[in-house]
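J.: To start, I am sharing the structure in question, which I have written as structure tokens.
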Amino acid sequence: QHQMATQGADSGERKFGRGDRRGGRGGRRGGRGNKEEGGWVPTTKLGRLVKDGKVKFLENIYLHSLSIKEPQIVDFFIPSLKDEVMSIMPVQKQTRAGQRTRFKAFVVIGDQDGHVGLGVKCSKEVATAIRGAINNAKLTLIPVRRGYWGNKLGKPHTVPAKVNGKAGSVRVRLIPAPRGSGIVAAPAAKKLLSFAGIEDVYTRTRGATATLGNFAKATFHAISKTYGYLTPDLWKEYVLQPTVYQDNALYLAAKEEKKEEY
């Protein structure tokens, strides 16, 4: 009788609660980057081209705004990526049985040389949330354009122009600074900017910056706009090259035929 009652309770939870349904949704996505004895097995066209050496640089992907669906693609091009957990916060949801607590992790990754990514993931366990956030950060990795404050001497060290970013009520403005100024920003923004490889910058913020998630997203949004600003040195005409898919169309078609044979 006790076993039957327990089974009834379990079936009741499955019937009324949404937790099981949400958890089941992730089953489809588990196939990303399957691992065999040989290591990474790509599941997308871009992944196959990268692993087979048909794509030489990460910039070829950014040039045509191709979406990266596998974190291993980023690892392939930038093996020296560093990651750091910015925050882990508990979030709760009210259910029939009480409260369900999960953990939300914010992770920043970058090579401190023009690439930065921000990842957010929620999970029942802290370790799973951090792992998922790192993968998400790799998928959102963006190139960062750097410039000069005055004379164009030495390497680029600051943002090329004033850029703005927003998330929720938070507004972030990045302003070019002279060499030697350092990153004049709050700790959360400072971490993102240093991972992006920016050495000198002034920042101006507005809104509820205590909300770390929105503050980090607004800063990331501002950094992503550095390549969206068309400065005079980018005015020259540029013949757009074919995408990596167009260049390797025959190669991909041959691979598909081999798959069908198997």
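J.: Just to confirm, what accessible area per residue do you get for segment 78-175 at 1.4 Å probe, in whole Å²?
T.: Details: 5200 Å² over 98 residues.
That works out to 53 Å² per residue.
J.: Give me the extension gain from Q99 to S87: residue separation times 0.36 nm, minus the current Cα-Cα distance, reported in nm with one decimal. Provide the component values of the computation, followed by the final result.
T.: Working: separation 12, 0.36 × 12 = 4.32 nm, distance 2.17 nm.
Fully extending the segment from Q99 to S87 adds 2.1 nm.
J.: Which lysines, on any chain, are close to K255 with Cα under 16 Å apart, when same-chain ones fewer than 8 places away are left out?
T.: Partners within reach: K45, K51, K54.
J.: What order do you get for 59-67, 133-141 when each peptide is scored by the mean count of other beta carbon atoms within 10 Å, highest first?
T.: Details: 59-67: 14.1, 133-141: 20.8.
Sorting 59-67, 133-141 by mean packing, highest first, produces 133-141, 59-67.
J.: What's the ranking of 89-102, 145-158 by average number of surrounding C-beta atoms within 10 Å, highest first?
T.: On the way: 89-102: 10.9, 145-158: 15.1.
In descending order of packing, they fall as 145-158, 89-102.
J.: Another question, if that's okay. Under a plain spin-label model, where a point goes 7 Å from the Cα along Cα-to-Cβ, how far apart in nm are L240 and A253?
T.: 2.3 nm
J.: Now, a different point. Considering amide H positions built from the backbone, and no H for Pro or chain starts, which residues 5 or more places from T43, or on another chain, come under 5 Å of its amide H?
T.: The answer is G33.
J.: Rounded, prolate or oblate: which fits segment 34-124, taking a ≥ b ≥ c as square roots of the Cα gyration tensor eigenvalues, rounded meaning a/c under 1.5, else prolate when a/b beats b/c? Mind showing how you got there, number by number?
T.: On the way: a/c = 2.69, a/b = 1.86, b/c = 1.45.
Verdict is prolate for segment 34-124.
J.: Which order do peptides 183-193, 240-250 fall in by mean Cβ count within 10 Å, highest first?
T.: Numbers: 183-193: 19.5, 240-250: 12.8.
Result, highest mean first: 183-193, 240-250.
The values are calculated or read from the model by the stated rules, or taken from the named source; none is laboratory data. All of these numbers come straight from a predicted model, not from anything done at the bench. All Cβ positions, even for glycine, are placed from backbone atoms using ideal geometry, and neighbour counts span all protein chains on display. For the accessible areas, the whole protein counts, side chains as well, though only heavy atoms, and no ligand, DNA or RNA atoms are used. Shrake-Rupley method; radii C 1.70, N 1.55, O 1.52, S 1.80 Å.
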